[in-house]
Amino acid sequence: MAAGQNLYTPGPQNSPYGLLNTNAQGSFYGAQSGFSAQESNLIKKAIKEAIFDAAPAQYDALKLAFAQAPVEKPGDEFEYLEVNFGRNALEIGVAAGGASHAAVVAVPGAQVTQVVTLVASALAYASIDLIISYADGTEGVIQSIAGNNITIGSLTSSGLSAVTTGDTFAIRSTIEGDGMDTFSVYQRTETVTRYNYVQFFMRAKRWAKVELQKFINLGTTDYLDVDKKQKMKQLRVDLFASYFNGQRGEYQIANGIIAKSMGGIYPTMVDAGSLSANPTLSGLQTAFEKLAFATNFKAEGATRFIYATDEMCYEFSKIYKQPGLRYAPNNEIANLNLKMIELGTQKWVLVPCELFRENSVFPDSWKKRILCLDIETIRPVKMKGLPTYEVATTLDRRNNGTRENYQDWYCGAQLSLEFNNL
């Protein structure tokens, strides 16, 4: 029958018209099994044009981590040297007769001596004519070294205290007498060599020629733009996860290609033996303060950062109940309205990092992990001559005369880090 006017009897049910049958094609209601609804191609689905991004917005830690300009290196592997403090405590080993070295009683008007065994690694820092301090404040001078044993001479009319395995001597100073014709303490500076690899990252999408044009002509939302932004966001998350938790090494990836993987902050700290603790929440304050003061190498009033989930940052807020100060950085890039707590002369900035709780990015153990970092000692690294980020579209048949009847859109990056004073 030719299309034209259709005669019908109005009514709430069994009518071809009315709200019940006014459903767009593809309607969830119209497609529901058991319902009596019909669909019509005369109306379209109500789709909000802007697609909502449901990912957490608390990614400020990304901005702070990458606020520094990257250091350029000529290759994809680099090494760097450090000079440590230059003196080490002398750790006491096991004595010939047991764990303890007995005290030596003072003799008026004379010196007394004590033979103490050091651990092998401490011998590199021991020399004759070094004044050393015992834990209780007693002092002595190293008179001779034989094997792992040092002979310590006391001050005149003073004794020497008992020590045991695991105790340490502090090095107070050298000492020289008048008229000597020899030098006692010879020293060369030793360096620590560290290295890392530059890792390359890539995410892409492919559109066939007609498929892409159909989305451009008939798309109901801003999906094409959102899709690109999501690729970029996931690339930044790749960088962030690698910056904090990348394992340095080599992978064999698709088609047998070998690729280098960067070492991130946490694995690098673990490999270097950085100070750490594993407290319960009730022991958090004691553990944090002990480690904070043990690693307080910065100038008075300098700032360090606490990276943790919002939940763990809240635990610090409960511990330090004084009102948080506003962190005011010199660089507006890092002006993220962060809060700062003061501990003695130290300043600690809390950086909520909700990505630590996202188990698609970090292992579950990171939900409770707290990293206390000096950002000034950590610098992002890139290879010279290549961009840090790159975004491009490949050639296609329609516009460039190639055989490929599709386009690949991709975003890539490169990243590594240089971490001093671990």
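The values are calculated or read from the model by the stated rules, or taken from the named source; none is laboratory data. Predicted model only: the values in this text are computed from it and were never measured. Note: ideal-geometry Cβ built from the backbone for every residue, glycine included; neighbour counts use all protein chains shown.
Points to keep in mind about this one:
- If only residues of the stretch 340-377 that are in a helix (DSSP H, G or I) and among the hydroxyl-bearing types (Ser, Thr, Tyr) are counted, the one that is surrounded by the most Cβ atoms within 10 Å (Cβ to Cβ) is Thr377.
- Exactly one residue out of Glu211, Glu139 is of a type in the set (Asp, Glu) and outside the structural domain of Ala110 (by TED's automatic domain parsing): that is Glu211.
- Those residues of the stretch 258-294 which are surrounded by fewer than 11 Cβ atoms within 10 Å (Cβ to Cβ) and either in contact with a strand residue (DSSP E or B) (Cβ under 9 Å, 6 or more places away or on another chain) or of a type in the set (Lys, Arg) (or both), in sequence order: Ile258
- Tabulated pairs, the stretch 206-218, first in contact (Cβ under 8 Å) with a residue 40 or more places away in the chain and more than 18 Å from Gly401 (Cβ to Cβ), second aromatic (Phe, Trp, Tyr) and surrounded by 13 or more Cβ atoms within 10 Å (Cβ to Cβ), C-beta under 6 angstrom, 6+ apart or interchain: Arg206/Tyr406
- Looking only at the stretch 161-197, and only at residues there that are at pLDDT 90 or above and either in contact with a helix residue (DSSP H, G or I) (Cβ under 6 Å, 6 or more places away or on another chain) or among the small types (Gly, Ala, Ser) (or both), the one that is surrounded by the fewest Cβ atoms within 10 Å (Cβ to Cβ): Ser173
- Among (1) of a type outside the set (A, V, I, L, M); (2) at pLDDT 90 or above; (3) closer than 30 Å to Pro74 by Cβ; (4) not in a strand (DSSP E or B) - the single one Ser416 does not satisfy: (4)
For (1) closer than 16 Å to Val119 by Cα; (2) in contact with a Gly (Cβ under 9 Å, 6 or more places away or on another chain); (3) among the β-branched types (Val, Ile, Thr), each residue gets a yes or a no:
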{"position": "Thr151", "(1), (2), (3)": "yes, no, yes"}
{"position": "Asp167", "(1), (2), (3)": "yes, no, no"}
{"position": "Ile171", "(1), (2), (3)": "yes, no, yes"}
{"position": "Phe183", "(1), (2), (3)": "no, no, no"}
{"position": "Tyr186", "(1), (2), (3)": "no, no, no"}
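- For Asn217, the criteria (1) farther than 24 Å from Phe200 by Cα; (2) assigned to a loop (DSSP other than H, G, I, E, B) hold in every case but one, which is (2).
- Flag if Tyr195 is in contact (Cβ under 8 Å) with a residue 60 or more places away in the chain and farther than 30 Å from Thr393 by Cα: yes
- Against the test of being farther than 23 Å from Ala413 by Cα and modelled with pLDDT of 90 or more, the options Pro352, Pro380, Pro363, Pro387 yield a single qualifying residue, Pro363.
- Close contacts from the stretch 224-243, counting a first residue that is assigned by TED's automatic domain parsing to the domain that holds Gln414 and a second that is among the acidic types (Asp, Glu), with Cβ to Cβ under 9 Å and a gap of 6+ residues or different chains, come to Val226/Asp53; Lys229/Asp53; Gln230/Asp53; Lys233/Asp53; Val237/Glu358.
- Unmet requirement for Arg403, which otherwise passes all of (1) surrounded by 14 or more Cβ atoms within 10 Å (Cβ to Cβ); (2) without any contact (Cβ under 8 Å) to a residue 12 or more places away in the chain; (3) basic (Lys, Arg): (1)
- Residue within the stretch 378-393 that is part of a helix (DSSP H, G or I), surrounded by 14 or more Cβ atoms within 10 Å (Cβ to Cβ) and β-branched (Val, Ile, Thr) present: no
- Among strands (runs of 3 or more DSSP E) entirely within the stretch 65-160, having at least 3 residues that are of a type outside the set (Lys, Arg), surrounded by fewer than 17 Cβ atoms within 10 Å (Cβ to Cβ) and within 31 Å of the chain's Cα centre (by Cα) singles out 77-83.
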